[in-house]
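Here's the structure we're looking at; comments come further down.
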Amino acid sequence: MAKPGNPSAGRGKKKGPTKGTGGKNRRSLEGRGPTPKAEDRAWHPAGKRKAAQERYVAAGGKPQQRQGGNRAPKAKSGDDTETVTGRNSVLEALRAKIPATAFYIAQRVEMDDRVKEMLSIATNRGIPVLEVTRQELDRMAGFDGVHQGVAIKVPPYEYGHPQDLLEEVIDAGETPLLVALDGVTDPRNLGAIMRSAAAFGSQGVIVPQRRSAGVNSAAWKTSAGAAARIPVVIAPNLTTTLKEFKKQGVFVLGLDGGGDVELPSLQLADRPVVIVVGSEGKGLSRLVTETCDQVVSIPISSATESLNAGIAASVALYQVATIRAAQE
């Protein structure tokens with residue numbers, strides 16, 4: 001008989017499922033063991049990543065270290081690889097002997113001349129060739145990436161110094177035609193400017209160290225391979241760099257809708273010049289504007305408020321290249 005004051009002493013064990021068992025009794029819950037880790041489940045995204053990594057390592061690639069379970073550690077600046085996608089971009093990078101660490105090709109990809117050349121270059125250079133699903137390439141390219149069935153992994157972009165770039169151009173006996181970015185933070189604009197620079201004879205692009213787009217996978221893609229041919233250099237301080245260039249005889253031309261000189265009337269095209277492109281929203285910064293020898297505007301229809309930074313740079317570079325060609 002239960003003692004008074006101990007209300008639970010006389011209670012029997014409750015039959016049937018207990019709270020927290022999900023309607024299962026003890027016997028049905030025994031023997032199942034712990035839930036497998038996400039990376040050990042073949043259908044799970046983490047499992048697919050693990051399988052892709054194992055194929056990569058089997059092909060000769062270096063394993064990537066992971067910390068904190070299945071979450072990749074935050075990459076340090078300048079220490080992570082970039083994925084270059086698209087047939088033109090990949091082919092140009094391979095032709096330029098960019099030290100790619102892996103070449104990815106989609107299963108049952110359409111074999112045109114470009115793909116055949118990529119495979120030939122990768123094989124001859126000993127770059128691991130990995131056949132993957134299109135879903136894996138979709139993930140590598142990102143939500144807005146178009147890979148066209150191919151991709152490569154490349155090391156971080158190696159930036160030069162503005163002064164070294166200028167000296168190389170002068171030593172080569174060329175008239176400097178450089179492009180500088182002031183507040184352009186979209187890497188696709190940077191890629192478009194690199195492509196225009198390659199097309200119209202510019203020798204390089206200057207980006208400031210802070211608040212600027214860098215050469216990442218989006219820039220590589222938009223440049224259509226020009227990132228393998230046009231050097232991009234980093235200016236610790238853009239205003240200071242432009243002032244140093246001026247001391248060495250380089251004229252600084254800023255692009256702005258309210259410029260005091262219209263592009264068709266430009267008189268400095270045949271001189272050593274650096275064209276400074278501002279952001280589409282804010283335009284050129286005050287200090288950069290004060291440093292410019294001339295602020296140049298591009299005549300456009302009144303129905304259009306402004307030009308995209310990449311388009312503005314392309315128009316200006318074309319104008320300078322046309323004037324120089326006419327004077328040769």
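The values are calculated or read from the model by the stated rules, or taken from the named source; none is laboratory data. The structure displayed is predicted, hence computed values, not measured ones. Note: ideal-geometry Cβ built from the backbone for every residue, glycine included; neighbour counts use all protein chains shown.
Below are the figures for this structure:
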| read-out | value |
| --- | --- |
| Enumerated helices (runs of 4 or more DSSP H) restricted to the range 188-300, each holding at least 2 residues that are under 28 Å from M140 (Cβ atoms) | 217-223 |
| Qualifying position, being closer than 27 Å to A224 by Cβ, assigned to a helix (DSSP H, G or I) and either outside the structural domain of R195 (by TED's automatic domain parsing) or in contact with a strand residue (DSSP E or B) (Cβ under 6 Å, 6 or more places away or on another chain) (or both), among A316, A321 | A316 |
| Number of the condition not met by G258 [criteria: (1) closer than 21 Å to N189 by Cβ; (2) surrounded by fewer than 17 Cβ atoms within 10 Å (Cβ to Cβ); (3) within 25 Å of the chain's Cα centre (by Cα)] | (3) |
| Condition broken by A192, with the remaining ones in (1) more than 16 Å from the chain's Cα centre (by Cα); (2) farther than 21 Å from T241 by Cβ satisfied | (1) |
| Search result, residues across the range 235-271 that are of a type in the set (V, I, T) and touching a residue at least 24 places away in the same chain (Cβ under 8 Å) | T239, T241, V250, V252, V261 |
| Unmet criterion (only one of (1) surrounded by fewer than 15 Cβ atoms within 10 Å (Cβ to Cβ); (2) farther than 26 Å from G191 by Cβ; (3) of a type outside the set (A, V, I, L, M, F, W, C)) for D293 | (1) |
| Selection status of G259, among the small types (G, A, S), over 26 Å from R324 (Cα atoms) and either touching a Gly at 6+ places or on another chain (Cβ under 9 Å) or at pLDDT below 90 (or both) | no |
| Any chance G278 is in contact with a strand residue (DSSP E or B) (Cβ under 9 Å, 6 or more places away or on another chain) and buried (at least 17 other Cβ atoms within 10 Å of the Cβ) | yes |
| Residue check for V288: touching a strand residue (DSSP E or B) at 6+ places or on another chain (Cβ under 8 Å) and farther than 14 Å from A192 by Cα | yes |
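For every residue, the table says whether it meets (1) outside the structural domain of G142 (by TED's automatic domain parsing); (2) crowded, with 21+ Cβ neighbours inside 10 Å; (3) touching a helix residue (DSSP H, G or I) at 6+ places or on another chain (Cβ under 7 Å).
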site	(1), (2), (3)
G191	yes, yes, yes
A197	yes, yes, yes
G201	yes, no, yes
S223	yes, yes, yes
R229	yes, no, yes
L253	yes, yes, no
Q267	yes, no, no
